[in-house]
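Asker: I'd like to ask you about the structure that follows.
Every number here is computed from the coordinates shown, using simple stated rules; none is lab data. Just so it is clear, the model here is predicted, and its values are computed rather than measured. When we count neighbours, we look across all protein chains shown, and the Cβ atoms used for this are built from the backbone with ideal geometry, even at glycine.
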């Protein structure tokens, strides 16, 4: 078992004929992902690795059952591609694209929040339930099936922590990259909730980083609702401060956002916070005993 | 991309937000001319992109012509947190009755714009925010909904303004919100909005930060940004890489921000090592980009070693390896270079790196790579 994606998930690739879309489609197929269709406007009738390509999401949906879409589209059109997927009632939308304007992200998030869809990303490596399904660009050889859920705000650290766990014979139920942008389609709490009710996830590893207040919010949820152990690492404790200008950011965050703030909120909610990633396997093993 | 105050004020002016009479100058000679138009007393304001310039002496009031030259020269020479002024703004001094604050930014969790206003504006607004948060009104705005004038009036009315002042202030807030949206801003802030003794409402300062990812929609600012960069910075920018120079002795190239921060945490744990830079490539690795990264790092004085930490998810790390090899060959590099590179096409990557004399750490843990570099620097064999 897993969250969000499993071996039955039928996947659409938007932007399948581009250089990156094509290459990543191959990697996803190799990882066992059930890709049923692709979309690139103007390319209907062609195939990518045997997968039929359509002009629009609507036509792909008319011809196939689709549960999830993964997007490799230019940042300038990411907003409309996400909304196209949501309008066609695709439940899970994963936007890999980097450098999407934040005003576009706010707009798509607002749209998604009013729909039944879930948006992961942008700037996410995607989601993998090892051995079952991979949606996105995560390098498959880092992951092994198991019962630890991983949520990471950083893409590369989701690989690193999973690889370290795998190396210590600790498999993962599902690994979710939240996306690194200022605004994410989905917040940590949304994914924690899914892990909390997934009976095959026994423990959650949370990789946070400085900036924003998602970890502080997550700490509150963990304290009140979480019925399984959480281990966390916050990246950026020794990172230099960004150059600041204007007061608005500081007023909104209200003292949250620093590594210290996140670590103290999580610790007081019963989360075991480690100083370095390499400490995680030992802590996980102890908690799972 | 942060705009200078004078640039932001130009945008305000063209959007019918009132600003003080002002002129941007680059010498004390031009300052004298500017004063002839504006009239004493004037405020001389350093144009830098760093906050806290008032407290650092970058804003001075000049009452008489005899003090003008000296003050302008001082401010032109003044370094604030390492940055010199890009000219000074000569501005009419307003007769202040009251100072307000208005800031618009993004609530990262909700993904909505948040407008904040307070009737206690001025340089201590963050103190107000900490001690008396109720004195700052916050309004969340759904980005898909149009906002009407009456809503801004309702909003500003909570600060107990009435009559013409109410209309003037709510109009400024509305215009600022339009600028925030139309210019793809991450921050739009006026601190203070001045109410003068004549009950005029004038914006005495202006902060705008445009989202870099949206510069394709603002070609003028994109051009200005590119003009301010050298070729290498342009290349970095185009590829979406981030480079920050730090004080240490270990060069760092990482393929993600989180990975970069985690690697810095580990390096800082050693007494004789600290990061000389923060460099994350994002998903745009090419041979040339990594070659440029290498050239940038080896220029740093006192650099003792280089650590590469790369993942091949979307990144072709074997191409990155070619860039490393090219830089080593071109500059006949002898300093120790340790690489951890995992993911798609890792074996190919390792082969290229090892052939160039790079020590490749094949373990999953960044700790091992940092340890290896530390050992080499201490003369141990690995």
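Asker: For a footprinting-style exposure proxy, rank A:198, B:124 by other Cβ within 10 Å, fewest first.
Answerer: B:124, A:198
Asker: What are the semi-axes of the equivalent ellipsoid for region A:126-288, taken as the square roots of 5 times the Cα gyration tensor eigenvalues, largest first, in whole Å? Intermediate results must be reported in sequence, preceding the final value.
Answerer: Details: eigenvalues 131, 57, 44 Å².
Those come to 26, 17, 15 Å.
Asker: Could you put B:175, B:362, B:45 in order, starting from the residue whose Cβ has the fewest other Cβ atoms within 10 Å?
Answerer: B:362, B:175, B:45
Asker: Taking every eigenvalue of the Cα gyration tensor of the protein assembly as shown, multiplying by 5 and rooting it, what semi-axes result, largest first, whole Å?
Answerer: Listed largest to smallest, the semi-axes of the protein assembly as shown are 44, 31, 24 Å.
Asker: Give me the three principal axis extents of region B:21-93 from the C-alpha atoms, as integers in angstrom, largest value leading.
Answerer: 32, 20, 19
Asker: If you take every DSSP beta bridge fully contained in region A:126-288, what fraction is antiparallel? Give it as a percent rounded to 5.
Answerer: Taking every DSSP beta bridge within region A:126-288, about 25 percent pair in antiparallel fashion.
Asker: Further question: Within 10 Å of each residue's Cβ, count the other Cβ atoms and sort B:9, B:304, A:58 from fewest upward. The partial results should precede the final answer.
Answerer: Values: B:9 24, B:304 17, A:58 13.
With the sparsest Cβ surroundings first, the list reads A:58, B:304, B:9.
Asker: Moving on. Over the alpha-carbon set of region B:90-162, work out the extent along each principal axis and list the three values in angstrom, largest first.
Answerer: For region B:90-162, the Cα extents along the three principal axes come out at 40, 29, 28 Å.
Asker: If you don't mind, another one. Using the Kirkwood formula on the Cα atoms of region B:1-140, what hydrodynamic radius do you get, in angstrom to one decimal? Display every interim value, and only then the final one.
Answerer: Numbers: mean 1/r = 0.0600 Å⁻¹.
Mean inverse Cα-Cα distance, inverted, gives 16.7 Å.
Asker: Provide Rg and Dmax in Å for chain A, with only Cα atoms included in the calculation.
Answerer: 18.7, 57
Asker: Another question about this same structure. Using only alpha carbon pairs under 8 Å that are at least six residues apart, calculate the relative contact order of chain B and give it in whole percent. Mind showing how you got there, number by number?
Answerer: On the way: 723 pairs, mean separation 44.4, N = 382.
Once divided by the residue count of chain B, the mean separation gives 12 percent.
Asker: With label points built 7 Å along Cα→Cβ from the Cα atoms of residue A:116 and residue B:247, find their separation and express it in nm.
Answerer: In this crude spin-label approximation the distance works out to 5.8 nm.
Asker: A follow-up question, please. Report, for the protein assembly as shown, the % of DSSP beta bridges that are antiparallel, rounded to 5.
Answerer: Here the share of antiparallel DSSP bridges comes out near 50 percent.
Asker: Something else now. Using only alpha carbon pairs under 8 Å that are at least six residues apart, calculate the relative contact order of region A:126-288 and give it in whole percent.
Answerer: Relative contact order for region A:126-288 comes out at 21 percent.
Asker: In square nanometres and to one decimal, what's the mean projected area of the convex hull around the Cα atoms of region B:241-315?
Answerer: 4.4
Asker: Could you tell me the calculated FRET efficiency between residue B:299 and residue B:30, based on Cβ-Cβ distance and R0 = 41 angstrom, to the nearest 0.05?
Answerer: On the way: r = 36 Å, r/R0 = 0.88.
E(calc), rounded to 0.05, equals 0.70.
Asker: Given that compact globular proteins tend to follow 2.2 N^0.38 Å, what is the ratio of the alpha-carbon Rg of region A:67-144 to that value?
Answerer: 1.09
Asker: Here is a further query. How big is chain B along each principal axis, measuring the range of its Cα positions in Å and listing the largest first?
Answerer: Here the Cα extents, ordered largest to smallest, are 77, 52, 40 Å.
Asker: Suppose we look only past 25 Å in the calculated P(r) of region A:10-120. What percent of the Cα-Cα pairs does that tail hold?
Answerer: Working: 811 of 6105 pairs.
Above the 25 Å cut-off, region A:10-120 has 13 percent of its Cα pairs.
Asker: Need the C-alpha centroid separation for region A:109-166 versus region A:176-204, integer Å.
Answerer: When both Cα centres are located, 9 Å separates them.
Asker: What list of whole percents do you get for P(r) of region B:239-377, with Cα-Cα distances grouped in 10 Å bins up to the one holding the largest distance?
Answerer: 13, 51, 34, 2
Asker: Let me have the 222 nm mean residue ellipticity of chain B computed from DSSP H runs of 4+ only, each contributing -39500 (n - 2.57), with the sum over all residues rounded to the nearest 500.
Answerer: -12000 deg cm²/dmol
Asker: Each label point is 7 Å from the Cα along the Cα-to-Cβ direction; what then is the distance between the points at residue B:13 and residue B:160, in nm?
Answerer: The modelled label-to-label distance comes out at 3.6 nm.
Asker: Counting only C-alpha contacts under 8 Å and six or more residues apart, can you give the relative contact order of region B:248-382 as a whole percent?
Answerer: Once normalised by length, the contact order is 25 percent.
Asker: Need one number: % antiparallel among DSSP beta bridges in chain A, to the nearest 5. Walk me through the numbers before you get to the answer.
Answerer: Values: 8 of 45 bridges.
If we restrict to bridges inside chain A, about 20 percent are antiparallel.
Asker: Once label points are set 7 Å from the Cα along Cα→Cβ at both residue B:65 and residue B:83, what is their separation, rounded to one decimal in nm?
Answerer: 3.5
Asker: While we're looking at this one, here's another question. For region B:283-346, what Kirkwood radius comes out of the mean inverse Cα-Cα distance, in Å?
Answerer: 11.9
Asker: Okay, moving on. Can you give the percent of C-alpha pairs in region B:319-382 whose distance is more than 17 Å?
Answerer: I get 40 percent for the Cα pairs in region B:319-382 exceeding 17 Å.
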